[in-house]
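**Q** Below is the structure I would like to discuss, written out as structure tokens.
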There are 2 protein chains.
Amino acid sequence: MPKEVLFNEAMVLQKATGLFWHKGYNGTSMDDLTKATGLSRSSLYNSFGDKHSLFMRCLNYYLSDQEKSLMQAVGGTASPLKKIKIAFKYMVDVILRDEKRDGCLMINTTTELCNVDEEIGTLVLKNTDAMEHLFQQWVKEAQQQGEIGKTFSAQAIGKHLLNTYSGLRISGQAKPDKKSLDDIVKVALSVLV
Amino acid sequence: MPKEVLFNEAMVLQKATGLFWHKGYNGTSMDDLTKATGLSRSSLYNSFGDKHSLFMRCLNYYLSDQEKSLMQAVGGTASPLKKIKIAFKYMVDVILRDEKRDGCLMINTTTELCNVDEEIGTLVLKNTDAMEHLFQQWVKEAQQQGEIGKTFSAQAIGKHLLNTYSGLRISGQAKPDKKSLDDIVKVALSVLV
DNA sequence: GTACATTTGGAACGACTATTCCAAACAAAA
DNA sequence: TTTTGTTTGGAATAGTCGTTCCAAATGTAC
């Protein structure tokens, strides 16, 4: 029987993700990754393939982690409108807690690699659609329950909400100021009437 | 007297900017830059300093160019509200014309370097403030002329508009779809009543 | 304890990185 | 035409890049 793997895979992914998040894909070297994870080159290659494969694993790790957190944040309420409001409050909180100003790994990856890496491009698209769908679902339910009007379609409002979220990550990275972000959310969500 | 410089500086900056724009700062090598500009290593270093200095020059070149284009787009009207609407129509056009999906160099730079490069960080902040101020000025004038209401402050609406623009660049990079972008603009600008 | 299958550390690889250096090319002034 | 000061191309530098390789270490089954 083979020797067992000594490291905790989730731990390694967490460390690697943190590094890619902070320095970007091109800004992170395999040497950085060995130092951060504590694994040797061979272990890293043996367990996760090359740099690109490891990065893909990290992206998926990040996404499932983010989704889990968001769902937990909005889990307390049944009202779809409240879910939306809580989600944005939560996002602003997350942004303001991001002291290193690393932003959102998904958005960072979009701007860095979307146009030069097809595999990344499709992952980005898939995630965008998923996020859009999530918002649209909430809006649809809120409209059905009469919490918000039907002046605009759930599709359009959902896209606007995702767009506002993406904007918040950029705005927060450029200038992490609570009042600014709160203002943005206040105005952007004022369409939900 | 010295030998004269043979190349056109603006042309070199344009080529270099295009490369940084497409591949990012860390993704672009000095070798790439010599090939794209046609200059030799020594000429590049002699005329623009090191890679970082050249990049800063490119960023400023890009910004002044973008500002010029935007101002030209909105130059046709005197109404501040129309200026805002035209600006967003123009932005959507620009995004849809961006076939390579390179996005906005300023936003790409924000996500790539803002958190690891102080000099970039201050430039990003400066530009953010300038853009914010531009939108706020238009909103303020529109409010004074009664084109839009005073439910929200010009500051808040201006921030929201800039945030929407940043979001559009991300949304457009992830999924460059005219209907989606139009929907976003329609909903986001519906707060201007 | 021995055989086996896998992981591990570390050396080694060639390619590429940003940058420097120098001699040759060159245009204008003397 | 000679001098002068700068630009130019290309070689050279030292370092880092992602990746591969191999011998040693190690845990399990017999």
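The values are calculated or read from the model by the stated rules, or taken from the named source; none is laboratory data. From a predicted model like this one, the values you see are computed outputs, not experimental measurements. Counting neighbours? That spans all protein chains shown, and the Cβs are built from the backbone with ideal geometry, glycine included. SASA here: full protein model, heavy atoms, side chains in, ligands and nucleic acids out. Shrake-Rupley method; radii C 1.70, N 1.55, O 1.52, S 1.80 Å.
**Q** I need the full set of residues from region A:47-66 which are more than 21 Å from A:His22 (Cβ to Cβ) and of a type outside the set (S, T, N, Q), in order please.
**A** Within region A:47-66, A:Gly49 is the sole residue that qualifies.
**Q** Checking A:Asp31 against (1) farther than 23 Å from A:Ala130 by Cα; (2) within 16 Å of DNA strand C (Cβ to nearest atom); (3) crowded, with 16+ Cβ neighbours inside 10 Å, only one condition comes out false. Which one?
**A** Looking at each condition in turn, A:Asp31 falls short on (3).
**Q** Could you check, for region A:42-61, whether at least one of its residues is surrounded by fewer than 13 Cβ atoms within 10 Å (Cβ to Cβ) and farther than 20 Å from A:Glu119 by Cβ?
**A** Yes - at least one qualifying residue is present in region A:42-61.
**Q** Could I ask something else about it? Could you look through region A:15-26, keep only residues that are open to solvent by 20 Å² or more (accessible area, probe 1.4 Å) and not in a helix (DSSP H, G or I), and pick out the one that is farthest from the other protein chains (Cβ to nearest Cβ)?
**A** The residue in question is A:Tyr25.
**Q** I'm checking my understanding of the structure. Among residues of region A:139-159 that are in contact (Cβ under 8 Å) with a residue 40 or more places away in the chain and assigned to a loop (DSSP other than H, G, I, E, B), which one is surrounded by the most Cβ atoms within 10 Å (Cβ to Cβ)?
**A** A:Ile148
**Q** Now for a separate question. With more than 15 Å from DNA strand D (Cβ to nearest atom), more than 14 Å from chain A (Cβ to nearest Cβ), without any contact (Cβ under 8 Å) to a residue 24 or more places away in the chain and within 29 Å of B:Ile170 (Cβ to Cβ) as the only criterion, which of B:Met71, B:Met56 stands out?
**A** Exactly one residue qualifies, and that residue is B:Met71.
**Q** Say we look at region B:122-131 and pick out the residues that are free of Cβ contacts under 8 Å to residues at least 40 places away in the same chain and open to solvent by 10 Å² or more (accessible area, probe 1.4 Å); which of these is nearest to the other protein chains (Cβ to nearest Cβ)?
**A** The qualifying residue nearest to the other protein chains (Cβ to nearest Cβ) is B:Thr128.
**Q** Tell me yes or no: at least one residue of region B:2-13 is farther than 30 Å from B:Lys140 by Cβ, within 16 Å of DNA strand D (Cβ to nearest atom) and buried (at least 18 other Cβ atoms within 10 Å of the Cβ).
**A** Yes, region B:2-13 contains a residue that is farther than 30 Å from B:Lys140 by Cβ, within 16 Å of DNA strand D (Cβ to nearest atom) and buried (at least 18 other Cβ atoms within 10 Å of the Cβ).
**Q** Cβ-Cβ below 6 Å, separation at least six or inter-chain, first residue in region B:160-175 and facing chain A (nearest Cβ under 7 Å) and at pLDDT 95 or above, second open to solvent by 10 Å² or more (accessible area, probe 1.4 Å) and not in a helix (DSSP H, G or I): which pairs?
**A** From region B:160-175, the pairs are B:Gln173/B:Arg101.
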